């Protein structure tokens with residue numbers, strides 16, 4: 001029974017992250033922060049979902065809620081705006 005529950009939870013959690021997977025990036029620190037800090041609370045969105053200016057607005061709102069440092073916020077934004 002425990003094995004079935006563990007399998008179910010593993011499958012459920014693996015499907016919650018959205019469609020984006022780790023991609024080649026010039027900004028691995030921003031990518032890691034995005035997946036760990038942002039993905040720890042909600043679905044990870046593909047970077048192309050929003051225009052770069054929209055990411056600024058979203059990150060300004062979310063950085064305060066999630067208590068990101070200015071440096072963390074800027075690293076995540078740099079990663080999200082990479083095209």
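Descriptive notes on the structure:
- Residue check for residue 16: in a loop (DSSP other than H, G, I, E, B) and either over 16 Å from residue 76 (Cβ atoms) or at pLDDT 70 or above (or both): yes
Okay, residues lined up against (1) at pLDDT 90 or above; (2) part of a helix (DSSP H, G or I); (3) over 12 Å from the mean Cα position of the chain (by Cα):
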{"residue": "11", "(1), (2), (3)": "no, yes, yes"}
{"residue": "24", "(1), (2), (3)": "no, no, yes"}
{"residue": "65", "(1), (2), (3)": "yes, yes, yes"}
{"residue": "83", "(1), (2), (3)": "no, no, yes"}
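- Scanning the range 33-54 for residues that are in contact with a helix residue (DSSP H, G or I) (Cβ under 8 Å, 6 or more places away or on another chain), in a helix (DSSP H, G or I) and under 19 Å from residue 67 (Cβ atoms) gives 33, 34, 37, 38.
The values are calculated or read from the model by the stated rules, or taken from the named source; none is laboratory data. Keep in mind the model is a prediction, meaning the values are calculated, not measured. Cβ coordinates were reconstructed from backbone atoms using ideal geometry, including for glycine residues, and neighbour counts include every protein chain displayed.
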